[in-house]
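Data first, discussion second: the structure below is written as structure tokens.
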Amino acid sequence: MLKIIKNDYEKWGLLLRVLTEELPEDSVEFQTWLAESQEHRELYLSLQDPNGKDARLFDKDEMYRKISEKTSFTTKENNKPVILKFNMPNWLKYASIFIFFAIPASILLWMNKPDKLQREPTYQSSVIEPGSKKAKLTMADGRTLDLANKLNIENGDGTHIINEPEQGLSYEKVNRSNHFEYHTLEVPNGGEYELKLSDGTRVYLNSGSRIIYPSSFVGKERSVKLTGEAYFEVTKDIHPFIVHTNNMNVKVLGTSFNICTYEEDSQVNATLVSGKVEVYTLHDDSVYSLTPGYNLNYKKETGKVSTQKVETSLYIAWTRGEFIFNNQNLEDILTQLSRWYDFQIEYTDQSMRKLRFTGSAEKKRPINYLLKQIETVTNIKFREDGKKITIYR
């Protein structure tokens, strides 16, 4: 069965483009292919509905197992598995051969190489290294402090500010006072940092993010303003905690959630891990309530809002030192990687932006390790030139 599919990989490539919505189902190319034979129509139906009656046409689980074994990229160091590894989402699993993205020919040709050729690629040293814990703090008087250094400040508003570069920045209210001041914590590309607010709330800031917050909370609510991405573990309190962004506000009492709201992104995502949140969209004042395990997606251009049940671990993997991609296109993935590794991207072929990936990788790895793994199973190549990466074929 694998040999038959290898010889007919163009069919699978066309199907994948439709299933991943790269090619519209009503396109002339696909409709022409469907009309060619009853077998094509049955195949497409079986992939759309793996539990339906047409599923009998293919032993998908067995095919998936064999292909999965051949395309597992886990290697060994010190007898411990290290990443990069690639896995299939369920719907790709039932499509049987769509392990990675729309280059089925490359995948299958690699899969059918003799075992002696299936070795881990060699890696040259990279000038683009992983990010690290770094940030800068801007005080109310305009002073900017590099958080690569330890801090121990008795602030004039009754707060004690401590910074330990490996543990993060923390505020503690030591004297009762109605006075407070606004501080700004900025994390550059290639960095991440942890902040503990005066009420005990913990904020994990991703690369290229900024948060403006009061040195201590006074009044009926606890408010901060976020640009970029952050994961919040909010201390429960009778005073609501509100995260303001350019497109929406998120209101909670005590909960854990992630917000991704980079200015350059076309969408904003709020993902609830525990508790309950209310999301207020600013373009039309709509209110949405989220329960644990749900994600809210806001399209900036259209103002369209959608909610869906998700695997929350995918959205907060960055806080655990991982990248996890689930059927995401190359452009979105490289944008995410560019923030952590701090590089610029250049495409020689714009169509490559829409190729789709599923997989995971450790953030501590140099960027070339991840790129070489991609090169192993595709005809895509990457070239480093200082802090610029060029993608070509």
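Here region 9-36 is the region considered, the condition is being β-branched (Val, Ile, Thr) and modelled with pLDDT of 70 or more, and the residue that is farthest from Lys354 (Cα to Cα) is Thr32.
Would you confirm whether or not region 171-185 contains a residue that is in contact with a Lys or Arg (Cβ under 6 Å, 6 or more places away or on another chain) and part of a strand (DSSP E or B)? No, there is no match, as no residue in region 171-185 is in contact with a Lys or Arg (Cβ under 6 Å, 6 or more places away or on another chain) and part of a strand (DSSP E or B). The single residue among Tyr193, Tyr204 that is modelled with pLDDT of 95 or more, of a type outside the set (A, V, I, L, M, F, W, C) and out of contact with any helix residue (DSSP H, G or I) (no Cβ under 9 Å at 6 or more places or on another chain) turns out to be Tyr193.
So, of the residues in region 254-301 that are small (Gly, Ala, Ser) and touching a residue at least 24 places away in the same chain (Cβ under 8 Å), which turns out to be nearest to Asn189 (Cα to Cα)? Let's see the steps before the verdict.
Residues of region 254-301 small (Gly, Ala, Ser): 254, 256, 266, 270, 274-275, 286, 289, 293.
Cutting the leftovers down to touching a residue at least 24 places away in the same chain (Cβ under 8 Å) gives us 256, 266, 270, 275.
Values: Ser256: 24, Ser266: 19, Ala270: 21, Gly275: 30 Å.
Per the criteria, the residue is Ser266.
Residues considered: Ile345, Ile380, Ile324. Of these, the only one that is touching a Lys or Arg at 6+ places or on another chain (Cβ under 7 Å) and in contact (Cβ under 8 Å) with a residue 24 or more places away in the chain is Ile380. Going by what's in this entry, would Val310 be described as in contact with a Phe, Trp or Tyr (Cβ under 8 Å, 6 or more places away or on another chain), within 24 Å of Val187 (Cβ to Cβ) and surrounded by 14 or more Cβ atoms within 10 Å (Cβ to Cβ)? So Val310 does not fit the description; no.
Taken over region 338-353, the residue count meeting the criterion of being touching a strand residue (DSSP E or B) at 6+ places or on another chain (Cβ under 7 Å), surrounded by 17 or more Cβ atoms within 10 Å (Cβ to Cβ) and assigned to a helix (DSSP H, G or I) is 2.
Looking at Gln328, is it within 17 Å of the chain's Cα centre (by Cα), part of a strand (DSSP E or B) and either of a type in the set (Val, Ile, Thr) or more than 25 Å from Gly131 (Cβ to Cβ) (or both)? Before the answer, list the steps.
Values: within 17 Å of the chain's Cα centre (by Cα): yes; part of a strand (DSSP E or B): yes; either of a type in the set (Val, Ile, Thr) or more than 25 Å from Gly131 (Cβ to Cβ) (or both): no.
No: the conditions fail for Gln328.
Is there a residue being of a type in the set (Ser, Thr, Tyr) and either free of Cβ contacts under 8 Å to residues at least 24 places away in the same chain or in contact with a Cys (Cβ under 7 Å, 6 or more places away or on another chain) (or both) anywhere in region 350-365? Yes; the residues of region 350-365 include at least one that is of a type in the set (Ser, Thr, Tyr) and either free of Cβ contacts under 8 Å to residues at least 24 places away in the same chain or in contact with a Cys (Cβ under 7 Å, 6 or more places away or on another chain) (or both).
Checking every residue in region 55-62 against the condition of being assigned to a helix (DSSP H, G or I), among the basic types (Lys, Arg), modelled with pLDDT under 75 and touching a helix residue (DSSP H, G or I) at 6+ places or on another chain (Cβ under 9 Å) gives at least one match.
Give region 370-386 a look and list any residue that's under 12 Å from Ile128 (Cα atoms) and surrounded by fewer than 14 Cβ atoms within 10 Å (Cβ to Cβ), or say none.
Of region 370-386, the ones under 12 Å from Ile128 (Cα atoms) are 370-371, 383-386.
Residues satisfying the conditions are Arg383, Asp385, Gly386.
Let me confirm something: among Gly228, Gly191, Gly208, Gly219, which residue is surrounded by fewer than 17 Cβ atoms within 10 Å (Cβ to Cβ) and either within 18 Å of the chain's Cα centre (by Cα) or on the phi > 0 side of the Ramachandran plot (or both)? I'd like the intermediate steps shown before the answer.
Details: Gly228 fails: surrounded by fewer than 17 Cβ atoms within 10 Å (Cβ to Cβ); Gly191 fails: surrounded by fewer than 17 Cβ atoms within 10 Å (Cβ to Cβ); Gly208 fails: surrounded by fewer than 17 Cβ atoms within 10 Å (Cβ to Cβ).
Only one candidate qualifies: Gly219.
Here the condition is being under 23 Å from Gly254 (Cβ atoms) and either surrounded by fewer than 20 Cβ atoms within 10 Å (Cβ to Cβ) or in contact with a Cys (Cβ under 6 Å, 6 or more places away or on another chain) (or both); of Ser198, Ser177, Ser170, it holds for Ser170 alone.
The residues on offer are Glu166, Glu192, and the sole one that is of a type outside the set (Val, Ile, Thr) and over 26 Å from Asn247 (Cβ atoms) is Glu166.
Can Phe357 be described as within 24 Å of Tyr193 (Cβ to Cβ), of a type outside the set (S, T, N, Q) and in a strand (DSSP E or B)? The answer is no for Phe357. Just one of (1) at pLDDT 95 or above; (2) over 16 Å from the mean Cα position of the chain (by Cα); (3) closer than 23 Å to Gln336 by Cα fails for Thr302. It is (1). Do we find a residue being closer than 26 Å to Lys251 by Cβ and modelled with pLDDT of 95 or more anywhere in region 143-160? No, region 143-160 contains no residue that is closer than 26 Å to Lys251 by Cβ and modelled with pLDDT of 95 or more. Of everything in region 223-253, what is within 23 Å of His283 (Cα to Cα) and without any contact (Cβ under 8 Å) to a residue 24 or more places away in the chain? Give them in sequence order. Listed by number, the residues that qualify are Ser223, Lys225, Pro240, Ile242, Val243, His244, Thr245.
The values are calculated or read from the model by the stated rules, or taken from the named source; none is laboratory data. Because the structure is predicted, anything quoted here is derived from the model rather than measured. All Cβ positions, even for glycine, are placed from backbone atoms using ideal geometry, and neighbour counts span all protein chains on display.
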